[in-house]
Structure formats: structure tokens, C-alpha cells
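This report concerns only the one structure given below.
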Amino acid sequence: MSTDPGPGTDRRPTLAVWKFASCDGCQLSLLDCEDELLGLTERLRVDHFLEMTPTEGAGGERAGPYGRGPYDLSLVEGSITTAEDAERISHVRRVSRYLVTIGACATAGGIQALRNFAHVDEFLTAVYARPEYIATLETSTAISAHVPVDFELRGCPIDRGQLLEVVTAFLAGRRPRIPAHSVCFECKRRGTTCITVAHGTPCLGPVTHAGCGALCPAYGRGCYGCFGPSERPNLRSMVDQLRHDGMSERDVLRVFHTFNAASPEYAPVPDLAAEERHSPRARTQTRPERSA
């Protein structure tokens, strides 16, 4: 006879994981927790997670895209790109006590938000043989643009250690302890020599949120900005430094138009890049332009 508690006797908090427009990488980060995830399931019940199982709840019913609910904590991956997405995220918010967005797509619109800088019909015509069959919104937007969010966990993909901290924090009823400093602090902690100072390598570390462990600079590559803007990023100084390290205006725009292209904090970059191109400081200090 099974000793597992039934749906009516299991008092563990419930967790739901949702996918919108994304690559599934952040959901896989949760599955990659492996041993830690097994420990967490002693304290919470994974009630809805289509990436992991097609069933829902302790009763093992067939799971659907809208779930059964209610849920104590929902983790949401992906951006809103269709009218159906907008409708479904409102439902997810209604059936969730706490809603946490995970990853660059959910927190900033993701790399698919590059559509926000052009007309979506141009992409549809170029990519699809029958674009009239495609139903999509003009933009790709963060979850917080549609519903209230209790916490945002950044990264492309997210860091598994930070994810475990977020889940355990909500279980304990406290605020997650996620650092707000930049990648530069992580370089210092792991003893990595600044590649910009030592070699003139363009790097977004000074304006990028910590979380990756400064992996790229440790191998001589400038930070890509995977974890999005840090708190109060000094974009004017950053753009000036990138130009000093040999980037053209086009290169500057390109390095900011990646995983977190639609982040509001990055909105001043185009004007700053053009301004620095014409500034006296840029003309006297900038090295000959070269590719990133």
C-alpha cells in the first residue's frame, strides 16, 4: 500500500513552472539542480511543470497549459509575444500567491525583443513562407509589463545557485539574497585581472548585474551582458570606455542589443554612442576603430 499523502493531506507549499516565448534554458537550470531539487521536494510539491512531467498535482491528472492552481509560488520563463500569452500570464498571476520571473526573456523581453527595434512584418515576411498564418504581437515584452511580479531573477540562463536561493527564500518567507553589484566585483573575488585595463578588451562587466561568476573575463573574453543591467549603470562612462577600446558606434549598439536589448536601462545607449562619436574626448582618446 502506498504511503504517499493524497491531494487532500499533502500540506507542502506548491510550485508551478511556466513557459512563454523562450528557449527553455532557465527551466533546464532548475532541472540541473538534481540533488538539491530532490531535497527541495521534501518541503514543496512541484504541482505544475510541463518540462518535467505531463501530469499535475498529487493526483496525477493530465496537465494543461493553464494549470489547475492555486499555487504558492510560480516561476515564469519567457516573454510575452502573442495575445494568447498576454491572456495566459494574467491567469497565472491570478492563481499564484507569489510570481517570480526567471531569465532574460521574462525579465527584459529576451533576444526576441530585437523585434521591438523594427517592424515585425519585415521579420515575418523574411522568415515565414506564409506569414499570414502567424499570429504575433508587435513587441516582445517582459512579464512585469503585463502583471505584478514579486521578484525578478536575471540571467541567460539563470544561475542555479541563485535560483535555489530564490525558492528557499520564498519558502522561508524572506526576501531573496541576490547581489545587486556588477560583474567587476566577481572578477575581483576570483582574482581575475581586469581584461580592459590589462589588454584593452571591450567588456560590459561594469554595467552588468552579477550572477555568472565572471566566467567570460576569466577566459580572456569581455562580458557579454547576459545578466542584464546592474543597479544604476553608468552608461555614459561605459560607452566612452568602449569607444576608447576601439569600438565603433555600430559595435557599441550591437553589444547592447543582445539578451537584454529591451531593458529600459539601456534606452540611452544609442544617443550616448552618437554623442561620444562627436565629443572632443572621444576624438583625442579613442584608439583606431576595430571590431569587437
* Structure fact -> If you go through PRO202, PRO179, the only one that is surrounded by fewer than 19 Cβ atoms within 10 Å (Cβ to Cβ) and in a loop (DSSP other than H, G, I, E, B) is PRO179
* Consider VAL92 carefully, then state whether it is part of a helix (DSSP H, G or I), open to solvent by less than 10 Å² (accessible area, probe 1.4 Å), modelled with pLDDT of 90 or more and under 27 Å from VAL120 (Cα atoms). => yes
* Asked: Do we find that ARG160 is within 19 Å of the chain's Cα centre (by Cα) and open to solvent by 40 Å² or more (accessible area, probe 1.4 Å) in this structure?
  -> yes
* For the range 163-176, indicate whether the set of residues that are at pLDDT 95 or above, closer than 15 Å to GLY228 by Cα and buried (at least 16 other Cβ atoms within 10 Å of the Cβ) is non-empty. => no
* Structure fact -> Looking across the range 10-35 at residues that are open to solvent by less than 30 Å² (accessible area, probe 1.4 Å) and over 23 Å from SER90 (Cβ atoms), the single one that is nearest to the chain's Cα centre (by Cα) is GLY25
* **Selection count, the range 102-133, where residues are closer than 21 Å to PHE256 by Cβ and touching a residue at least 40 places away in the same chain (Cβ under 8 Å)** => 14
* How many residues does the range 98-148 contain that are touching a Leu at 6+ places or on another chain (Cβ under 7 Å), modelled with pLDDT of 95 or more and open to solvent by 40 Å² or more (accessible area, probe 1.4 Å)? -> 1
* Among the residues listed as GLU122, GLU152, GLU84, GLU132, the single one being not small (Gly, Ala, Ser) and not in a helix (DSSP H, G or I) -> GLU152
* Qualifying positions in the range 211-237 - more than 15 Å from ALA104 (Cβ to Cβ), in a loop (DSSP other than H, G, I, E, B) and of a type outside the set (Gly, Ala, Ser) -> TYR219, ARG221, GLU231, ARG232, PRO233, ASN234
* Within the bounds of the range 68-85, is there any residue that is aliphatic (A, V, I, L, M) and more than 22 Å from ILE178 (Cα to Cα)? -> yes
* Asked: For the range 98-119, how many residues meet the condition of being in contact with a helix residue (DSSP H, G or I) (Cβ under 9 Å, 6 or more places away or on another chain) and not in a helix (DSSP H, G or I)?
  -> 8
* Asked: Could you give every pair whose Cβ atoms fall below 7 Å, whose first residue belongs to the range 84-95 and is within 18 Å of ILE134 (Cβ to Cβ), and whose second residue is open to solvent by less than 30 Å² (accessible area, probe 1.4 Å), counting only separations of at least 6 or pairs across chains?
  -> ASP85/PHE20; ASP85/ALA21; ALA86/ILE80
* Asked: Restricted to the range 212-239, and to residues that are buried (at least 21 other Cβ atoms within 10 Å of the Cβ) and in contact with a Lys or Arg (Cβ under 8 Å, 6 or more places away or on another chain), which residue is nearest to GLU265 (Cα to Cα)?
  -> GLY228
* **Complete set of residues in the range 24-61 that are touching a helix residue (DSSP H, G or I) at 6+ places or on another chain (Cβ under 8 Å) and touching a residue at least 40 places away in the same chain (Cβ under 8 Å)** => CYS26, SER29, LEU30, ASP32, CYS33, GLU36, LEU40, ARG43, LEU44
* Asked: Residues of the range 240-250 being open to solvent by 20 Å² or more (accessible area, probe 1.4 Å) and in a helix (DSSP H, G or I), which ones?
  -> GLN241, HIS244, GLU249, ARG250
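The values are calculated or read from the model by the stated rules, or taken from the named source; none is laboratory data. Small disclaimer: the values here were computed from a predicted structure and weren't measured. Positions of Cβ are generated from backbone atoms using ideal geometry, with glycine treated the same way; all protein chains shown enter the neighbour counts. The protein model used for the area step is the full one, side chains on, heavy atoms only, and it has no ligands, DNA or RNA in it. Shrake-Rupley method; radii C 1.70, N 1.55, O 1.52, S 1.80 Å.
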